[in-house]
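A short write-up of the structure that comes next.
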Amino acid sequence: MQKRALIVDDEASTCELIERVLGSVGIESLIFTKSIEAVTVLRHSQFAIVFLDFRMSFPDGAELTRQMRDSGFNRMTPVVLISDDPHPHAMTLGFEAGASFFLYKPIDKNRLLRLIRATQGQIEHERRRTRRVPLRSKVQLRIEGHDIEGETVDVSMEGLLVKAQRAMPVGSSVEVCLHLSKGLKPVMAAGCVVRLPGANQMGIHLGRLVPAERQRLQEFLLALVPVPA
C-alpha cells in the first residue's frame, strides 16, 4: 500500500508545493484548505506524515496536533507544523502540543526533502521521532554526580547512543552536553539511560529538550541527511 500524507493549509500554493515534493518520493497526499474538514479524517484514517499550518482558523495546527496525539490512529505519526512565526513562544506551543518538526515559510524544497527523509525512520519505526544519524561527536555526561566523557555513535531527536569511559545502570538520570561541531554552541539536555547495548555503551533517551535546543538539534541533524536526487 502506498504511503499517504495529509496536508492542511489555507494557502493552496503551499499545499501544492508539499504535494509535489511528497509525490517525488512516492508518497501520495490528501489536501484540505479548511482545517475543520480534517478533523474527522484524522480521527478515522492513518497517515505516514502530516503537515499542518500553525496559524489557521480553529482548529489551528497546534489544536489538530493535540487531537492527533489523543487519537488511536495517528498518535505516533510525524507532525510538521508550517509556520511564518519564528518566535520561541510559537515553537513552545507547537512542541508542547506534540509536533515533531517546524517548517518555516517560504518553504525551501531541499529542506523539505531532508525533512521528509528524516521522518522515514518514524514512518517505518513508529517509536522513533526521527531516523538515527551516524555521528561521531564529543559528549559530556553527568550521571548521579559522576562526570563522564564520551563519544556519540548515532544521534536522533529522541536520543543518542554513546560510547563512554564507563556505562551507568539503566534508569540513571543524565545531564547531557552534546558538542555538535566547531563553532556551534553545545546542545544541553536532560535524559535517562534506557539500554546498555554493548561494552561501555549507553542508549540515552532525551526526555527534556527545551524548544530552542530542540530546534538547533533538528536543524543540525537535517543538514546531515542527504537529499534524494
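What follows is calculated from the coordinates using simple rules that are stated; it is not laboratory data. All of these numbers come straight from a predicted model, not from anything done at the bench. Note that we place each Cβ from the backbone using ideal geometry, even for glycine, and neighbour counts take in every protein chain shown.
Quick rundown of the values:
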read-out: Calculated log₁₀ intensity ratio I(q)/I(0) where the Debye formula runs over C-alpha points of region 1-128, q = 0.17 Å⁻¹; value: -0.81
read-out: Rounded D (µm²/s) - region 133-224, Kirkwood Rh over Cα pairs, Stokes-Einstein at 20 °C, 1.002 mPa s; value: 166 µm²/s
read-out: Cα-centred dipole magnitude for the chain, charges only on beta-carbon of K, R (+1) and D, E (-1), debye, nearest 20; value: 780 debye
read-out: Principal semi-axes in Å for the chain [√(5λ), Cα gyration tensor, largest first]; value: 33, 17, 17
read-out: Kyte-Doolittle at least 1.6, axis length at least 30 Å by Cα - qualifying DSSP helices, the chain; value: none
read-out: Virtual spin-label span in nm between ASP108 and PHE58, 7 Å along Cα→Cβ; value: 3.7 nm
read-out: Count of lysine pairs in the chain with Cα separation under 22 Å (8 or more residues apart, or interchain); value: 7
read-out: Beta bridges per DSSP with both ends in the chain, % antiparallel, nearest 5; value: 65 percent
read-out: Quarter of Cα convex hull surface for region 42-116, i.e. mean projection, nm²; value: 4.9 nm²
read-out: Computed FRET value (nearest 0.05) for HIS179 with VAL39, which takes r as the C-beta separation and R₀ as 35 Å; value: 0.20
read-out: The chain, helix-only ellipticity at 222 nm - DSSP H runs n ≥ 4, -39,500 (n - 2.57), divided by all residues, nearest 500; value: -8500 deg cm²/dmol
read-out: Region 184-201 - phi-based ³J(HN,Hα) in whole Hz, Karplus 6.51/-1.76/1.60, Gly and Pro as x; value: 9, 5, x, 8, 9, 8, 10, x, 8, 6, 10, 7, 10, x, x, 4, 6, 10
read-out: Residue (of PHE73, HIS146, ALA212) at the positive-pole extreme of the chain, dipole from beta-carbon charges; value: HIS146
read-out: Amide hydrogen neighbours beyond the local backbone of LEU30, cut-off 5 Å, H modeled; value: ALA5, LEU6, ILE7
